[in-house]
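Q: Before I ask anything, here is the structure I am working with.
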Amino acid sequence: QVQLVESGGGLVQAGGSLRLSCAASGRTFSNYVMGWFRQAPGKEREFVAAISWSGSATLYADSVKGRFTISRDNAKNTVYLQMNSLKPEDTAVYYCAAGSSMRAAIERYDYWGQGTQVTVSS
């Protein structure tokens, strides 16, 4: 099992930046593909970004490509999501997830954090 704890969410103005962190424990962090998802009230949870276990490959949703950057530091058991040029439509609860395959589908991820709120004001 893996425990994931997100942090770094908050309130930011449109055009601003925010960096989310996800600390993992319970198993070897480097064994897992890591992903970020988000969910706005009343909407389906959607894929944001993923990174391979080695960090050599990344995947982004079209809506965030060029603005968000996912990275990981296996020595620190931490994955990051750097969010730049934030838009009001980025407002959501952001979840960190761990899985065995680098895919956008939520069913490919087995472990989830509790989420951290990101609010972008206009």
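Q: Residue-wise, which Karplus ³J(HN,Hα) couplings in Hz belong to segment 103-116, taking 6.51 cos²θ - 1.76 cosθ + 1.60, θ = phi - 60°, and x for glycine or proline?
A: 9, 7, 5, 5, 6, 7, 10, 9, 10, 9, x, 7, x, 9
Q: Hey, another quick one. Under 20 Å from a label point 7 Å along Cα→Cβ of LYS76: give me every residue in segment 10-31 with its amide N that close.
A: 10, 17-31
Q: Once the other residues with Cβ under 10 Å from the Cβ of TYR32 are scored (Lys, Arg +1; Asp, Glu -1), what is the net sum?
A: With Lys, Arg at +1 and Asp, Glu at -1, the net is +1.
Q: For VAL2, what accessible surface area do you get with a 1.4 Å probe? Give it in Å², rounded to 10.
A: 20 Å²
Q: I want the local charge near ALA57. Using Cβ-Cβ distances under 14 Å, sum +1 for each Lys or Arg and -1 for each Asp or Glu among the other residues.
A: +2
Q: Give the accessible surface of segment 33-118 per residue, rounded to a whole number of Å², with probe radius 1.4 Å and ligands, DNA and RNA excluded.
A: Working: 4250 Å² over 86 residues.
Value for segment 33-118: 49 Å² per residue.
Q: Can you give me the Cα centroid spacing of segment 21-80 and segment 96-122 in angstrom?
A: 7 Å
Q: Run the accessible area of the chain with a 1.4 Å probe and give the carbon-and-sulfur part as a rounded percent. Intermediate results must be reported in sequence, preceding the final value.
A: Details: 2830 of 6240 Å².
The computed percentage sits at 45.
Q: Give the aspartates and glutamates reachable from LYS65 as a straight Cα distance under 17 Å; neighbours fewer than 8 places away on the same chain don't count.
A: GLU46, GLU89, ASP90
The values are calculated or read from the model by the stated rules, or taken from the named source; none is laboratory data. Since the structure is predicted, the reported quantities are computational estimates derived from the model, not experimental observations. Note: ideal-geometry Cβ built from the backbone for every residue, glycine included; neighbour counts use all protein chains shown. Only protein heavy atoms, including side chains, enter the accessible area calculation; ligands, DNA and RNA are left aside. Shrake-Rupley method; radii C 1.70, N 1.55, O 1.52, S 1.80 Å.
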